[in-house]
Structures are given as structure tokens and as C-alpha cells.
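The values are calculated or read from the model by the stated rules, or taken from the named source; none is laboratory data. If you're wondering where the values come from, they're calculated on a predicted model, not measured in any experiment. Note: ideal-geometry Cβ built from the backbone for every residue, glycine included; neighbour counts use all protein chains shown. Keep in mind that these areas ignore ligands, DNA and RNA; they rest on the heavy atoms of the full protein, side chains included. Shrake-Rupley method; radii C 1.70, N 1.55, O 1.52, S 1.80 Å.
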Amino acid sequence: GQILENAPEGSVVLSVVATDRDEGVNGDISYQFSQAVGQSDSAFTIDPTSGEIKLTKPLDFEAAENHELSVRATDGGGLSAICKVLVEVVDVNDNAPELAVSSFSSPLPENASPGTVVALFTVRDRDAGANGKITCALEDQPSFSLRPAYKNYYELLTVSTLDREETARYILTVTAADAGSPPLTTTQTFTVDISDVNDNAPVFNQTSYTMFVRENNVPTVLVGAVSATDADVGPNAKVTYSLAPAHPAEQPPCSCISVNSENGHVFVLRPLDYEQVRQIEVLVSASDAGSPPLSANVTIRLVVVDENDNAPLVLHPAQESSPPSSELVPVSAEAGYLITKVVAIDADSGQNSWLSYHLLRATDPGLFAVGAQSGEVRLRRPVTERDAVKQKLVVLVRDNGQPPLSATAALSALLLSDFSDMRLPHSSLATDDESGSLTTYLIISLVFISLLFLASMAAFVTRKLCKRKELKGGHVLYDAGNLQSGLADAAAAGTLPHAYCYEISLTTGSGNSEFKFLKPILPSLPPQHCGMGGGTDDEQDYP
């Protein structure tokens, strides 16, 4: 007989029927299992009167596909007969597939090549027929796939490159299903961790850095910091900072900048001067601790901020000259007449170099005005006769720094009534100590030159006379008495026998007197006639 393996307890498997031709008590038949059946009958029981064989517990096709029973029929007289009963268990889909993992690799390096086997496993189903036919599938996962290996073996492998920085862990679910109705399934989960490989260089949080430091800074001042991150983990993500040369063969470009290797803090090691260096560019490298290490570079531009540490420098009028230069101003000049312009520069920059001009003091402050921005010195009012001929001014040049620095420019102006011919009477400078001193020096020089000229002329005449005496043997006479006496008289009188013209002239923009000496016109001396014994034949010219 047949019975489903999932038949409940008490189900009738079959009925055994025996006959006896005797009558009465001898014809009454009872049924029982023969002891020779063994343990198989433990799952069955037989009704002694009806001969029905029933289940005492559920059957399991996977444990035993059939059961052989021995039934004894005995009548009332003690006679018996034995028959064999074969019970076939019909399989039902009551067993899900089983999955056994043979090998599994985790963690998996992120640089594993496609086709790397991650896991090897087997599947089986204890059911028979279609109930035992198994198919395996992997849930949607583009980086992995399943591949049948041998018989009921399957491989779980990679099909594309992995990136730990994108996905650090994969949870893979494999489902094994049989062909029963309804089908039974089994799932197996594989957790694959991806191990890091040093495949990412550090990345700075800015493409470049601009930092500022004031000039005259204190040494080792902190001016900023650089920061870089590495997408890797562990030692591959540990970043250290250092100064890098612009080219491999070069040394670090600036020894005045230092970078902390741990936190990227940037320090300026020594004071900087804005007037010497306006900005510095250095290259900073960030390297990880991987093997081999990877690195990235970034440019730091350090801008030196100007401090007001330079006073203005006056270029015009020149302050080194002594005495200071004088500007000529006609007394007919009207208000607004441009006398001169003070020119100054400042080595600083920005508002520290913005210059303003102010009249600090003057002989007559009400006579002059100074342009605050241009530095032009002009007449505030027309010149009057009461104004002094020599006017002294001091102009203050101040920058716009905090605190401001300043310089002074000293100049003088000469108020002249008429300088069309550039002649200046001596009386107009009599009150000027400096002009008086200069005139004294010039008079002394003229006297010295005149004496030198007289001495030269005397020596020249004497030499000529000596030559003549030698040539004529003493017979030639030269009447030089008049000339020598004339020269002696001129020396005594302090004048020369020939006319000299001395002209003093002043050039525009200059306060010093200049003299122009005109060469004296020396006519040739008239020829002197000398003779011996009344003779007048020989003549000689002397210059």
C-alpha cells in the first residue's frame, strides 16, 4: 500500500483480511504483527479484529521510503497464517534546500581583479524528484555574480572593480529554491568587507591659499593653516605636511616660512619688510603614510601687509644743498602765482603713502599758500613793498598712516622788482648774510686773479727784454720804462691798464650768484724803435 509521508497519526494505511473455513470458535480470526518485523512496525498498529493497519506517528520519506510489515492471522483453534505487507511512503515537498559554505574570503582587498572567487558553497535537497531539484540566485548586486562550478557546487565571485571609498561593505543574499509545489527556499547571507588599498592621494580643501602677515612681524608668528584629507583609512589616511621645492632639484624657496608637519599650521620665522618683499609663494606637500606614499601639492601665497614705517622723502627742492635754493618771484606777480612745487614720495603703499602738504612756517605766512594734495606753493595775495625781499618757507609733508610720519622741505623765495636782464643790485642783497658772504668770497677771488695776472705780465715782459738783449748784444734798447711804470701805477691804483667788464647775473630757480668774466681785450703794444748811434733801421714788435 502507499501513504503520503505527511499523513497524520491514525490514518489507515490498509486492511488485512483473512478467512477460515472452520466454524464457531475455530473460525474466529485475530490479527497481530509478527515479531520478526523488527522496528518498522513501531510506526504502525493493527486492529486485532478488523485487521486495519494505522499510523501511530508521521512517516518520513527521507528516513525510509518503504516499510515491510509481517501480519499474523490466528484462529480460535490456534492455527495461524502470516502475510507480508509493503507500505510505500509517498514523498511530499517537506524539505527546504540546504546550503553549505565550503570557503569564504572576507575582507576582500579593493584592488581585487574581476573574477575573484569570494565564496564556494554546495546545495542539496533531501526530497526526491522535482521536489529535490534546486536553483540558486543572487539578489541584485552588480559587482558580484553566481556561477555553477561542479555538480551542486556554486561560486560567488566579483564581476567588476571594487572601491572601498564608495562601498566599504557588501551584504550578499543567495537564495536556493526547489521545484516543489509550493517550492521551498533557503537563503544564505554573505557579508563581504572591503579592505583599504592606498589608492587615494591627499586632497586639500582649497586649490590655493592666500595668507597675510604685517611687515615687521614678530618671529614665528602663525599666519594660517593648510588642511588636506585622504579618503583611505588607517595609515593610508595619515597626512603629513612639508615644504616642497618648485622643481625636484631645487631647495625650498624660502627659509622664512615653516609648516607644522602634523596640523599644517604655517609660521613666518623672521620679520619681513614690505619694501623689500611684497609677497612670497611657496609649495606645500601633503603625503600619506601608505606604501608607496601618495602626495599632493598646493601653493601658498603669503602677502606682506604694509605698515607705516617710512617717512616721506622730499625730492624737490633738494634739501642737501646749503644754502637752500631760492625761487625768484616778481613783485608784480598776482595772487595764485606758482612759485614752485614740493615733490615727495613715500616708500610705503596704500593710505600710508598718501601725502599731504602743509605750510609749517614762513617769513610771512599770509603771503603763501600750499596745495594740500599737489604740493604747489603759490602766492596767496599780491606782493607789496612792505614784504621782505628774502622769504623763507618750511613745508610739512605728512603721510596718511597711523600714526602719521612727516618730513619738512625748506625753501626760500626772492621778491625782485625787475629781473628781465637778470641783474641784481648789490644793495638788494645787503641784508642777506649768505649773499654777503658769497660777495666777499668773489671780491677776494677777483683780487687774487688780478695780482696773478700782473705777475704774469711782468714775468712775460722781463723774459722778452732778456731775449732782446741777448740777440742784439746789448745794442738794442727797449723803452719799457713807461710800460713798467704804467703797470706799477696800475698795481698801486688797484686797476688794470686794460678794460675788464664784470657782470653778475642770477639764473631763474637758483639762489646763488653767478659771475661771467669777459676776456680783456689786449691790443698789441705799439712797435718800439731802438737804435745805436742814431740809427733807426732795425724794428721789432712786442705783443
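Test of understanding: among 127, 94, 178, which residue is touching a Leu at 6+ places or on another chain (Cβ under 7 Å) and in contact (Cβ under 8 Å) with a residue 60 or more places away in the chain?
Going through 127, 94, 178 in turn, just one is touching a Leu at 6+ places or on another chain (Cβ under 7 Å) and in contact (Cβ under 8 Å) with a residue 60 or more places away in the chain: 178.
Can you pull out every residue in the range 181-202 that is under 30 Å from residue 128 (Cα atoms) and either of a type outside the set (Ser, Thr, Tyr) or within 39 Å of the chain's Cα centre (by Cα) (or both)?
Across the range 181-202, the qualifying residues are 182, 183, 184, 188, 190.
Take residue 248 and tell me if it is over 14 Å from the mean Cα position of the chain (by Cα) and either modelled with pLDDT of 90 or more or not assigned by the TED database to the domain that holds residue 346 (or both).
yes
Quick one: which residue in 261, 208 is farther than 30 Å from residue 146 by Cα, without any contact (Cβ under 8 Å) to a residue 24 or more places away in the chain and surrounded by fewer than 16 Cβ atoms within 10 Å (Cβ to Cβ)?
261
Of the residues in the range 371-413, how many are among the basic types (Lys, Arg), over 14 Å from residue 356 (Cβ atoms) and in a strand (DSSP E or B)?
3
Kindly establish whether residue 16 is in contact (Cβ under 8 Å) with a residue 12 or more places away in the chain, on the phi < 0 side of the Ramachandran plot, open to solvent by 70 Å² or more (accessible area, probe 1.4 Å) and of a type in the set (Val, Ile, Thr).
no
Hey, can you tell me all the residues within the range 53-89 that are open to solvent by 50 Å² or more (accessible area, probe 1.4 Å) and either outside any loop (DSSP other than H, G, I, E, B) or basic (Lys, Arg) (or both)?
54, 57, 66, 68, 72, 80, 81, 82, 83, 84, 86, 88
Looking only at the range 318-346, which residues are at pLDDT 90 or above, among the small types (Gly, Ala, Ser) and either open to solvent by 50 Å² or more (accessible area, probe 1.4 Å) or assigned to a strand (DSSP E or B) (or both)?
335, 344
Of the conditions (1) more than 14 Å from residue 340 (Cβ to Cβ); (2) open to solvent by 20 Å² or more (accessible area, probe 1.4 Å), residue 399 fails just one. Which one is it?
Among (1) more than 14 Å from residue 340 (Cβ to Cβ); (2) open to solvent by 20 Å² or more (accessible area, probe 1.4 Å), residue 399 violates only (2).
Can you report the number of residues in the range 4-44 which are within 19 Å of residue 69 (Cβ to Cβ), at pLDDT below 80 and either of a type outside the set (Gly, Ala, Ser) or in a loop (DSSP other than H, G, I, E, B) (or both)?
Here the count works out to 5.
Might you let me know whether the range 137-154 holds any residue that is touching a Gly at 6+ places or on another chain (Cβ under 9 Å), over 30 Å from residue 284 (Cα atoms) and open to solvent by 20 Å² or more (accessible area, probe 1.4 Å)?
Within the range 137-154, none of the residues are touching a Gly at 6+ places or on another chain (Cβ under 9 Å), over 30 Å from residue 284 (Cα atoms) and open to solvent by 20 Å² or more (accessible area, probe 1.4 Å).
Quick check, is residue 226 modelled with pLDDT of 95 or more and either open to solvent by less than 70 Å² (accessible area, probe 1.4 Å) or within 30 Å of residue 111 (Cβ to Cβ) (or both)?
It is true that residue 226 is modelled with pLDDT of 95 or more and either open to solvent by less than 70 Å² (accessible area, probe 1.4 Å) or within 30 Å of residue 111 (Cβ to Cβ) (or both).
Quick grid of which residues meet (1) aliphatic (A, V, I, L, M); (2) assigned to a loop (DSSP other than H, G, I, E, B); (3) in contact with a His (Cβ under 9 Å, 6 or more places away or on another chain):
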position: 182; (1), (2), (3): no, yes, no
position: 192; (1), (2), (3): yes, no, no
position: 201; (1), (2), (3): yes, yes, no
position: 211; (1), (2), (3): yes, no, no
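Checking residue 25 against (1) open to solvent by less than 40 Å² (accessible area, probe 1.4 Å); (2) over 30 Å from residue 125 (Cβ atoms); (3) among the hydrophobic types (A, V, I, L, M, F, W, C): exactly one of these is not met. Which one?
Among (1) open to solvent by less than 40 Å² (accessible area, probe 1.4 Å); (2) over 30 Å from residue 125 (Cβ atoms); (3) among the hydrophobic types (A, V, I, L, M, F, W, C), the lone unmet condition for residue 25 is (1).
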